[in-house]
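Enquirer: Here you go, one structure.
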Amino acid sequence: KQEVTQIPAALSVPEGENLVLNCSFTDSAIYNLQWFRQDPGKGLTSLLLIQSSQREQTSGRLNASLDKSSGRSTLYIAASQPGDSATYLCAVFDDKIIFGKGTRLHILP
Amino acid sequence: DAGITQSPRHKVTETGTPVTLRCHQTENHRYMYWYRQDPGHGLRLIHYSYGVKDTDKGEVSDGYSVSRSKTEDFLLTLESATSSQTSVYFCAIWRGTTDTQYFGPGTRLTVL
């Protein structure tokens, strides 16, 4: 059974710092991995999608990597801003989409 | 914006009453999903649909049923609501393995 783990559960960093969020999964037979952002009381917004054949994807200050063999993905956020404060979730798709519980990120002004 | 709406957005009901949540999409996508989100559990799949009248169970399907009589609508029914079904419910659509899921705004359900 696929399990997705995100560590840490919460993270606070000063504005301007670069940071890395981690996601691990137990079964490497996935189609893709996705990173989402969720603001309080809101739905999920897709940030990046990495296909199983890809190593990384970039969008602006965000870079997501995928290492299927080790069952790991990272989301790198450069030059963090207070507006980046949110919960970040990763999800893997094998025959269903399984979500991690998220990392709650707080950027300190 | 993938044109997904959910109704109602908020609902308070009493234990034992039936409740139906509606998800509506405007883009004619085949795959639709219902999730619930709870503190400490993250997002968990309740049911999903891969076409009109084609549905399957997710990991937390007990106490829930779904129907999809039209491509654009996916209904989630709690036949007899219980307090353990108090949660935020999200609908999502999926365009295929090369694309991501798109989520609706959520429905906050409270069962007293």
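Laboratory data are not the source of any read-out in this text; all were calculated from the coordinates shown. Quick caveat, the model's predicted, so the values are computed rather than measured. Because the Cβ atoms are built from the backbone with ideal geometry, glycine has one as well, and the counts that use them run over all protein chains shown.
Enquirer: Return the FRET efficiency for the residue pair residue B:77, residue B:27: r is the Cβ-Cβ distance, R0 is 22 Å, and the value is rounded to the nearest 0.05.
Expert: That pair, residue B:77 with residue B:27, gives E of 0.40.
Enquirer: For residue B:84 paired with residue A:78, estimate the spin-label separation in nm (one decimal), with each label point 7 Å from Cα along the Cα-to-Cβ line.
Expert: Roughly 4.8 nm, to one decimal.
Enquirer: May I pose another question? So, R0 is 22 Å and r is the distance between the beta-carbons of residue B:7 and residue B:52; what FRET efficiency does that work out to, to 0.05?
Expert: After rounding to 0.05, the efficiency reads 0.65.
Enquirer: Still on this structure, I have one more. Could you tell me which of the pairs A:68/B:57; A:96/B:70; A:1/B:11 are separated by over 32 angstrom between their Cα atoms in the structure shown?
Expert: Pairs exceeding 32 Å: A:1/B:11.
Enquirer: For residue A:58 and residue A:27, what is the calculated FRET efficiency with R₀ set at 22 Å and r taken between the beta-carbons, to the nearest 0.05?
Expert: About 0.25, to the nearest 0.05.
Enquirer: Could you check how many percent of all C-alpha pairs in chain B are farther apart than 19 Å?
Expert: 39
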